[in-house]
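Here is the structure we will look at.
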Amino acid sequence: MKVFFHTEQLKHKPIYEYAFGEKIDHPETTRRAESILKELENNSDFEIISPEKYPLALLKSTHNHNLIKSIMAAEKLPDDNTFYPCVFPYHRDKSRLNPLNINHAGAFCFDNGTPLNNTTFSSAAWSAADAHYAAKAVLENPDEVTYALCRPPGHHASKDLFGGYCYFNNAAIAAKTLLTKYKKVAIIDIDFHHGNGTQVLFERNPNVLVINLHGNPEEFYPYFTGFESETGVGKGDGFNKNYPLDRLTDGQTYVAVLEKALEDLKRFDAQAIVISAGFDTHKDDPIGHFYLETSDYVTIASAFIKYKLPTVIVQEGGYNEAHIGINVRTFIESFIKT
Ligand code: Q9C
Ligand code: ZN
């Protein structure tokens, strides 16, 4: 299996965040990617490929140019300085906006857990590159499932807003790449958190079906989106599906809901899929609240494999550094044709 990863992605190192008023070690560490790499390196089932260049044109067609400039503005920060947006102008007054002023980055951000430093742009751009090249590889060879080891993750980022440890929406970049060949693409988001960014990026698009399984937003981040009533907008109505699940949902319940949810792939006539794969659904995840076991990722993979569709797997969350590597390997190796 082709695995896409660039070492620049290890430069962005958020140190802390505020969670429920407490300063905590930032969960989105480089050790997550290292744990995954450790499981995939020196294993003949996996070929780790460094993407050639980052897809600037795709980034610009997916995100507000001033959002991109804002994240780039942080490249001028000194090494020991990290900017935490914490003022979010609700009116987003464009007349005052100067994307080169780092203090204005809050105009493009929706929480205070997604800091900017002088390595953030590069790491996030190369993370997006993984998703783009993984999708390109599927365009060339539709029978081979590919894996983009994206980090920082992407599914909380929308056109105008970064947040939730996400800067650029990697899954959206993969989907857009697939759309150059396939008319109908589905994104299935199995991260613990609702993929609010992915939802809003495609909510008006009837050619992209977005399916999301996640912790009930009444109780869990991102709180304001992920309800069943969000079904898409305008022409896209009917092409967004949310499945909020209870705290401590186990593998059996999870897979039953997933299998039901995936029946829409047939009705929609999906020609290719992107799996936004978060592993913060594991029972030992420090920030997720489901109760999945490592073996459940095999069953989850089987639910997808049944559809025999060209597939790109895009890494999202998963914060237990001891387990994430094994969980990722367990999941993705299930897709290798034998
Ligand atoms: N300071 C992903 O799994 N916690 N993101 C917010 C606010 C955010 C998780 C606390 C959790 C985001 C990709
Ligand atoms: Zn998550």
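Given the DSSP H assignment, sum -39500 (n - 2.57) over each helix run of at least 4 residues in the chain and divide by its residue total; what's the result at 222 nm in deg cm²/dmol, nearest 500?
That calculation yields -9000 deg cm²/dmol at 222 nm.
Can you bin every Cα-Cα distance in the range 218-336 into 5 Å intervals starting at zero and give me the percent of pairs per bin, rounded to whole numbers?
2, 10, 19, 23, 22, 15, 7, 2, 0
So for 253, 82, 114, fewest C-beta neighbours within 10 Å to most, what's the order?
Fewest to most other Cβ atoms nearby, the residues stand as 253, 82, 114.
Please find, in a Gaussian network model of the chain (springs between Cα atoms separated by less than 10 Å), the residue of 125, 57, 261 whose mean-square fluctuation is greatest.
It is 57.
What fraction of the Cα pairs in the chain, stated in percent, has a spacing above 37 angstrom?
Roughly 9 percent, rounded to a whole number.
Please report, ordered by residue number, every helix of the chain (full DSSP H runs) that is 24 Å or longer along its axis going by C-alpha atoms and whose mean Kyte-Doolittle hydropathy reaches 0.0.
120-140
Test of understanding: ordering 291, 319 by Cβ neighbours within 10 Å, fewest first, what list do you get?
The order, fewest Cβ neighbours first, is 291, 319.
Going highest first, how would you order 162-169, 217-224, 28-35, 74-81 by mean Cβ packing within 10 Å?
Packing proxy ranking, top to bottom: 162-169, 28-35, 217-224, 74-81.
How would you classify the range 214-273 from its alpha-carbon gyration tensor, with a ≥ b ≥ c the square roots of the eigenvalues: rounded for a/c under 1.5, else prolate if a/b is greater than b/c, otherwise oblate?
Cα axes put the range 214-273 in the oblate bin.
Translational diffusion coefficient, Stokes-Einstein: compute it for the range 56-98 using the Kirkwood radius over C-alpha pairs as Rh, at 25 °C and 0.890 mPa s, and state it as an integer in µm² s⁻¹.
Diffusion coefficient, whole number: 200 µm²/s.
Mind checking which aspartates and glutamates have their Cα closer than 17 Å to the Cα of residue 308? Skip sequence neighbours fewer than 8 apart in that chain.
By straight Cα distance, residue 308 reaches 140, 143, 144, 259, 263, 264, 269, 333.
Non-local amide H neighbours of residue 245 (under 5 Å, H modeled in plane, Pro and chain starts lacking H): which ones?
214, 215, 216
Which lysines does residue 283 reach when only Cα atoms under 22 Å apart count, and residues fewer than 8 places away in its own chain are ignored?
Correct list for residue 283: 38.
Normalising by the residue count of the chain, find the relative contact order in percent from Cα pairs under 8 Å and 6+ residues apart.
Relative contact order here is 18 percent.
Going by C-beta contacts inside 10 Å, put 25, 264, 285 in order with the fewest on the left.
25, 264, 285
No solvent, one uniform scatterer per C-alpha: report log10 I(q)/I(0) for the range 1-76 via the Debye equation at q = 0.14, 0.15, 0.16 1/Å, two decimals.
Per q value, in the given order, log10 I(q)/I(0) is -0.72, -0.80, -0.88.
How would you order 152-158, 308-314, 130-136 from highest to lowest mean count of nearby Cβ atoms within 10 Å?
Peptide ranking by packing, descending: 152-158, 130-136, 308-314.
Where a number appears in this text, it was derived from the coordinates with a stated rule and is not lab data. Source: prediction; values computed, not measured. Quick reminder, even Gly has a Cβ in these numbers, built from the backbone with ideal geometry, and neighbours come from all protein chains shown.
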